[in-house]
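Please read the structure below before turning to the comments.
Values in this text are rule-based calculations from the coordinates and carry no lab data. This one's a predicted model, so the numbers in the text were calculated from it and none came from an experiment. Heads up, the Cβs are rebuilt from the backbone with ideal geometry, glycines too, and the neighbour counts pull from every protein chain shown.
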Amino acid sequence: MSTAAAVHTLPERALELLRRTGNPFRNYFARNPDDEVCALYHVPELFVREREQLLSVVDLYRYAPTTHSEVVPVLGSKGSGKTHLLHSIKHGPDGAWQLLVTPGTYQRDTDFLEYLLFQLIDTLLGGGKQKNTRPLEYIGEQLVRRLLCDALKGLSPQQRLDLFPAPGLGRWARRLGLGGSQAQERTQWLTESLTRPCPLPFQAGSVVRACGEAGIEPAKALDLVCAHISRIEKHDTAGLMRRHILEGLARAVLLHDESELASFLTYGFAELDFHVRPTRQDLVLALFKAIMQVLQELNVPVVVAFDQLEDLLLARRSDDSHRTAESFFAGIVQAMHQIDGISFLIFAERGLWNRFVPSLDGYIRDRLNNPIHLPNHGTIKTLRLEAPPLDLVRRIVEARLRPALEKLSDCADLSPIFPFTEEQIALVARTEPTLRDMLQQFRHLFDRIVYGASETGDANSQRKQGEETSLPTPRIGDTNLPPEVKSVIVVETPTAGLQQGEESPLPTLRVGDLWDQELRTARRKLEPEGALTGATRELQSGLGTFLQLGFEHGVKVGPWRLHHVVPEWTFGEHPTYGVLTIAHWVCKDGQPWKVGIGLFLGRGPAKPRDLSTKLAALEVEPSVIDHLILLRPEDDLTLSGKSKALWQEAERRGRHARLEPVSLDGFAALSALPRFVASLTESLPEGQPLPNLADLLQEKCEKLLEQVCMPVQG
Amino acid sequence: MADKSNQLVLTALSRAAATAGAVPLYGSKAQAGLFPNNAAGKQAAQRCQEDGYLCLVPAPEATPSDSNGETGGAITLVKKKTANVPLGAITEKGLTYLLSQVSPRQVLEDFVRALEGRQNQVDALLHLARQVQQGIEAMKTNVDKVLQQICKLEGPSGPGAAGHLKALFAGFLNDGDSPRSTPPAATNDTALHDTLLAGLTRWQQSGATEDCPLPHLYRQASARSIGQFHDALRQLHELRKIYLHPWTGPLYDIPEPPYALLIGHEIAYYASIRK
């Protein structure tokens, strides 16, 4: 027998392979509903019933878009698979497309409807994808298909001819009434092409391609659509809002120019020619209704899913959690009354739900408990995610191990759960209360079998040893315990086999990596043209979190340190621009400076409006801020014209303000921070507080910290 | 004459109203009836039937056990005798007539008298039950002595026939329970389990979206102590009949800490039924 044959039996080769590829159970929690790891290890059979029910809820609003808004709570223990389930709805292949809004923060100090509106706008304009498609692209394409088709159908034969200007002699021929049939045929072809349903999977750009094939310039198609819109839309306020939204969407699809839509949704809607100046709340409600109408006409359901509610509501430990929860649920109920056609999904940790819901006002509870009737599923009030049964746990283990084991040519001869045994899987499935606990046990077990005894002894003996000794210590239900022992707490100690100084095979949580990952995701979302403008309120909320975290973790900038932070202070009548974060910076033995920090993202005509709104904060009596810092995209820092005049006027009146240039990475950091904190909290064992993040903030956001602080000498 | 007959009618109707079921129409030495067993009584009874104040009720048929006399003499004897006597019960019309003729107070007094009579009967029954229990205890003591004597005579390796007696003896040592009977503790546990499961089912059917808090469940259950309640919860959890859910807030916020239950590495404070 050769040496190679003696060493490389199938189990040995498999172990070697597993050792090289790493522990597939390392990722044992979903960071957020967009985490790609979820798709990597997805097991379709897991929570299949619950998924079908949720998709049925969404379909309810697809087929009857004006159905009353309702709430469906999805409850489960921490680590039961709620975020994974949400991911499968948002990105999975099941079901048609829907606009799924998954807020990453809860802005307690903001009016709920305003908060919800800007979450919707952020999702619509952002670069984040759902089922591999940007919301703006999908909605825009659907809309333009319909509008362009209607516009073409409404054209007279002469107008159709004008769409295709004939070159040279053809022009003379047309005057004589010749050569018109080709134009008619092209129009007919384009109309039919646009009437056909979108080919699946959806790919953006089909309308522009169809126009190109028919020989119509996108600019001409846009004119056609805009003329059609002005014919069909009313001239009241709601009609004007709808008109701007439709035109903005058409421009984004046909000319790839999203700035007009972004500008209208953040600025233009408040500048319409109103007879009576509406209040901030009226403006928000009117815009929300206009957007919803557009989406409902396209049969695109709007789903607002609050994931990791415990992190959203309890992000600030100092807050009164019951008050926060009450304002959140009251806000949802209020939004349900004001806007139809929204499906609210609340993915909540069961303990949080049990604690907060009984203390809510009776009316709010009744609305939350309102049942929904689903075809083929009966009436549902709430969905509960329990620990999966043994056969599903086995499939989950298989799904994790498969990518590695499939690299072996003769993997068919190997157990799909190698290196585990059926007994080990059964024990873990029986004793662990949640899916996440099970994955963590498998992670430990994998490390012990694959890495634990690899240094000494032959592989067979390791395997046997592994089978005999590597069963995880069950947390509950140990049958060897004497009957009088009613509970056991397992205190885990480091792996005995490791020598001092030896690198642990267990994956350590790298906070820096997590930060970089979230930063990349946020950057991708902010890259599209109008995304930054659309994310104004989300970024402001991120700025609030940034400073709050800096305050709680004792961040210092030179001699300055934070004394007090108000994450969001809303003022004035402008829903987008009337918000600042207030930070009190204090020097040793000095009086604190009350600094207002805001985002100055308005462009074009929105620029002076944004600036004047922000500068108005310095005029509020009694004085709330002493100094104003405005964060402006670095590519448009210069003030001119009306903006310059406003700035100089403020300076003349002795107001202290300064502009700070911020790069896309800086804004991405603000956007990423709340998600980063949520991911970090999720990765920690229950009850464990966040580690001190002062060093991380000072290392990763050094420049940003200096920009939002008082000037540092030297 | 008419007055006397009327008096008989009213008395009979009062008695019939105060009795829940049917009553013998005529009295006898052993048992009182609605009317005296004489000509005037029969005439009054006839009048009541004609006027629709009373209706005749068919007498219950004697069961085989009754006729065999296995269930005890007194009750069987009454049933045998009443089998031939017509039974009567008051009608709605009779009750209306009675209330129009006499004061409700008088009717109520009749009720009270009937209740006192029933009370005496219950006392007698309880007395009899106690006597029977004492008799069984005395028998048990005697049998215990006899069994111990047999055990001494046969020794540890006695004839195989003693196996059954040994089992009987062991049963007696265990507070008189035979091997086939369920121990009282187990019976109590089962009852408590059923109560808890019923409580959780009710909670679920009430439409609450949250899980049932343990203090609420304890108040629904008939547990002797919180310890017994916790044991029952643990057993149901082991049997995979319920889920226990943890308290995830700060520990100082638990509203009623004594009811919380440490299970595994979690502090359970809620429960729900497992489908």
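Odds and ends about this structure:
- About its Cα centre, the dipole of segment A:528-707 is roughly 580 debye, where the only charges are +1 on Lys and Arg Cβ and -1 on Asp and Glu Cβ.
- Average partner coverage of B:259-267, which counts Cβ from other chains inside 10 Å: 5
- Set of aspartates and glutamates with alpha-carbon distance to B:LYS93 below 19 Å, sequence-local pairs under 8 removed: B:GLU50, B:ASP51, B:ASP110
- Whether chain A is rounded, prolate or oblate, judged on the alpha carbon gyration tensor where a/c under 1.5 counts as rounded: oblate
- Taking the DSSP bridge list for chain A and keeping only pairs wholly inside it, about 40 percent are antiparallel.
- Ordered by the number of other Cβ atoms lying within 10 Å of each residue's own Cβ, fewest first, B:TYR53, B:TYR218 fall into the sequence B:TYR218, B:TYR53.
- Among B:95-106, A:301-312, B:127-138, the order from most to least packed when residues are scored by Cβ within 10 Å on average: A:301-312, B:95-106, B:127-138
- Average other protein chain Cβ within 10 Å of Cβ, residues A:69-82: 1
- Computed over the alpha-carbon atoms, segment B:182-275 gives an Rg to Rh ratio of 0.95, Rh here being the Kirkwood radius from the mean inverse distance.
- Each peptide in A:569-576, A:265-272, A:73-80, A:210-217 was scored by the mean count of other Cβ atoms within 10 Å over its residues; highest first, the order is A:73-80, A:265-272, A:569-576, A:210-217.
- Whole-number percent relative contact order across segment A:528-707, with pairs defined as alpha carbons under 8 Å at least 6 apart: 20 percent
- Summary of packing: across the peptides A:359-369, A:250-260, the per-residue average of other C-beta atoms within 10 Å ranks them, highest first, as A:250-260, A:359-369.
- Over segment A:528-707, the pair-distance histogram of Cα-Cα distances with 5 Å bins from zero comes to 1, 8, 16, 21, 20, 15, 10, 5, 2, 1, 0, 0 percent, rounded to whole numbers.
- Contact order normalised by residue count of chain A, Cα under 8 Å, 6+ apart, percent: 19 percent
- Farthest positive-ward along segment B:182-275 dipole, Cα basis, beta-carbon charges - from B:TYR270, B:ASN188, B:LEU233: B:ASN188
- Peptide B:246-253 - average C-beta neighbours from other chains (10 Å radius): 5
- Distance from segment B:192-242 to segment A:73-117 (C-alpha centre basis), Å: 33 Å
- By other beta-carbon atoms within 10 Å, ranking A:LEU261, A:LEU246, A:LEU690 with the fewest at the front produces A:LEU690, A:LEU246, A:LEU261.
- Across segment A:393-406, rounded Karplus estimates of 3J(HN,Hα) from the backbone phi angles (6.51 cos²θ - 1.76 cosθ + 1.60, θ = phi - 60°) give 4, 4, 5, 5, 5, 4, 4, 6, 8, 4, x, 7, 5, 5 Hz, Gly and Pro being marked x.
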